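The structure appears right after this line, and notes come after that.
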């Protein structure tokens, strides 16, 4: 089986769909920083500005009926079609939900989106795609009929797993840092694949600023960790493995980080994960030399990993970094021969 992970930095970046099109033979894709939103905004209907949290967006909404209004908001803002909310003007008048289906006046062109009834949106059924979304295009390009998306504070932005294998079970865990900073909440997705031998895949993206935040989030992830099963853990951990670098490299990274007012290199998160799981990049002799790591970021560091449970270590036959020109991260590809694992266990 082949597993691929990448932070695809999907904001204003539909071109990456085409770049990943060449990787159709992968079984499971784990993506971070996925923007669910529609690839184009309908340009018919009532023109107005919608405020969502601290953001304002110019949109065209269709007020024909309540369902059409709801769907036009989802299409315009890139929310899943099952997402529920309230729309009101700046005077508090509610347009949705409203059984009378009122029509806006010309002066009612500043609307507010709030009172969310579904704070975190998760879905797995392909028919929940709104037409012409980036996620739908990516799933079609990669021939993956099974999709699991999970948002964060922004329900249209989060992590996504695409798979050629059916999901037996799906779960998620919201990962909150102890500082509770704005946009610091992340998530971890857990799926069980429909295989003869039970297999779990976990996809996550940890805080990008502070190691203490990441440690808090990692502890929450491990509380839900599947025990005694084949497990693959993928994601953007935003933390480094000390053995990947020479001391000279680490000192150079710290100089750059200090110039950019960032935290110095931290290694605690990967050390803890390494106590529970095997780092696939170190399965062969190439990984035994410090300073020879293949970077997954433009800064020359590796923050994107695929870890496996110890019982899968014997089945790893390939690990390599895949250069992505359309993202600020590179991807990681790992191939595991499950047959070899089963034979060894027997």
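The values are calculated or read from the model by the stated rules, or taken from the named source; none is laboratory data. All figures in this text were calculated on a predicted structure; none of them were measured in a lab. Positions of Cβ are generated from backbone atoms using ideal geometry, with glycine treated the same way; all protein chains shown enter the neighbour counts.
Note on segment 296-315: residues that are crowded, with 17+ Cβ neighbours inside 10 Å and within 22 Å of the chain's Cα centre (by Cα) amount to 10.
Looking only at segment 198-210, decide whether some residue is more than 20 Å from residue 305 (Cα to Cα), part of a loop (DSSP other than H, G, I, E, B) and either assigned by TED's automatic domain parsing to the domain that holds residue 139 or modelled with pLDDT under 95 (or both).
Yes, that holds for at least one residue.
Only residues that are surrounded by 15 or more Cβ atoms within 10 Å (Cβ to Cβ), assigned to a loop (DSSP other than H, G, I, E, B) and in contact with a helix residue (DSSP H, G or I) (Cβ under 6 Å, 6 or more places away or on another chain) were counted across segment 152-183, and they come to 1. With respect to the conditions (1) in a helix (DSSP H, G or I); (2) free of Cβ contacts under 8 Å to residues at least 60 places away in the same chain, residue 269 lacks only one, and its number is (2). Right, residue 124: modelled with pLDDT of 75 or more, touching a strand residue (DSSP E or B) at 6+ places or on another chain (Cβ under 7 Å) and more than 15 Å from residue 77 (Cβ to Cβ) or not? Judged against the criteria, residue 124 is not a match.
Per-residue answers, yes or no, for (1) within 28 Å of residue 34 (Cβ to Cβ); (2) in the same structural domain as residue 23 (by TED's automatic domain parsing); (3) outside any loop (DSSP other than H, G, I, E, B); (4) modelled with pLDDT under 90:
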{"site": "265", "(1), (2), (3), (4)": "yes, yes, no, no"}
{"site": "273", "(1), (2), (3), (4)": "yes, yes, yes, no"}
{"site": "334", "(1), (2), (3), (4)": "yes, yes, yes, no"}
{"site": "340", "(1), (2), (3), (4)": "no, yes, yes, yes"}
